[in-house]
Amino acid sequence: MAHLRLEASLPNDSRTEFLFATCVGLLDCFENPERARDFHLEWDEFSDNYRQAMPPVRAALMNGFGQAQEHPLISKLVNPTASDRTTLMTDDVLNALMELARSLSPRERCEIAESDYGADAKKQLVSLNRLLESSDCRIRSGESWFPAEVIELASHDPQNSGFVGCTALVLINAIHNKGFDGQSASRWRAHHLAYRNLKLPEREIIISGFRHIYEIATEWDPYWDYSASDPIPINAIIPTSPDIEAIQLPNIDSILKRGRF
């Protein structure tokens, strides 16, 4: 650990080693809190260096600091901002998701409308089209059945041709509700493999949506029933990058959020 502490204090020698050593130090706070440092001095000295990291790395590191501070395991003076903890701007994520949802073809929209065993399919289709034509694609009071019911059903069925578009709609509403939607966490838990297998750019947009909810909603947790003796499967961890074909190891910030490695 002495070598890593030294690397964590040398941002100008090797940024990669500096950031890696900082991440390992944060992991150690969770694994061995009795010997952990409080990161007060490091934050005071190097917070600008952390902010200069590539967006996915910066967001992962800042989420680690935030989780460690909230537990609390490190100094209260370590206080990353909301923008520190997000890889992408909310408007950018929402715009990409809305574009994806609105790209649903007439045939796909019809299949979505019939998802509830064909019940009220015509009314569902009218409501779905109205939602997709709205300025923000938000489901509001009075729309909890038309079209929310068929959107939820289609987003739970990877074989439905509207699966991706409906997932985008679920994510849009989850982002607006800061994750308190009762839907997006269970979607990731149930269908993370299906999302990972999407073709680009759909995969990029969908995973970035889940990633954004993870970053803006500290209470959002698709892993609530895992424990130290029942670790999260690596392929269930939300990637820091949608280019998940190259990912072989778990993401550090997701491990930090669970308090173990």
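Close lysine pairs were tallied over the chain: pairs 8 or more places apart or on different chains with Cα atoms under 29 Å apart number 5. Quarter the surface of the alpha carbon convex hull of the stretch 41-178 and you get the mean projected area, 10.3 square nanometres. Calculated accessible area for the stretch 1-98 comes out at 52 Å² per residue, all protein chains present (probe 1.4 Å; ligands, DNA, RNA ignored). The spread of Cα positions in the stretch 110-194, taken along each principal axis and listed from longest to shortest, comes to 31, 27, 17 Å. Once you divide the Cα radius of gyration of the chain by 2.2 N^0.38 Å, the number left is 1.12.
Entry note, the chain: relative contact order of 19 percent, from Cα contacts under 8 Å with a spacing of 6+ residues. Surface composition of the chain: carbon and sulfur atoms hold 53% of the protein heavy-atom accessible area at a 1.4 Å probe. Exposed loop sites were defined as GluC sites (Glu not before Pro) in DSSP loop states (anything but H, G, I, E or B) carrying at most 12 other C-beta atoms within 10 Å; in the chain the longest segment without such a site runs 35-218. If only the Cβ of Lys and Arg carry +1 and only the Cβ of Asp and Glu carry -1, the dipole of the chain around its Cα centre is close to 300 debye. Applying 1/(1 + (r/R0)^6) with r as the Cβ-Cβ distance of Arg107 and Arg130 and R0 = 22 angstrom yields a FRET efficiency of 0.75.
Placing +1 on the Cβ of each Lys and Arg and -1 on the Cβ of each Asp and Glu in the stretch 67-199, which of Gly162, Ser184, Ala121 has its Cα farthest towards the positive end of the resulting dipole? It is Ser184.
The values are calculated or read from the model by the stated rules, or taken from the named source; none is laboratory data. As the structure is a computational prediction, the values presented were derived from the model and not from experiment. Because the Cβ atoms are built from the backbone with ideal geometry, glycine has one as well, and the counts that use them run over all protein chains shown. For the accessible areas, the whole protein counts, side chains as well, though only heavy atoms, and no ligand, DNA or RNA atoms are used. Shrake-Rupley method; radii C 1.70, N 1.55, O 1.52, S 1.80 Å.
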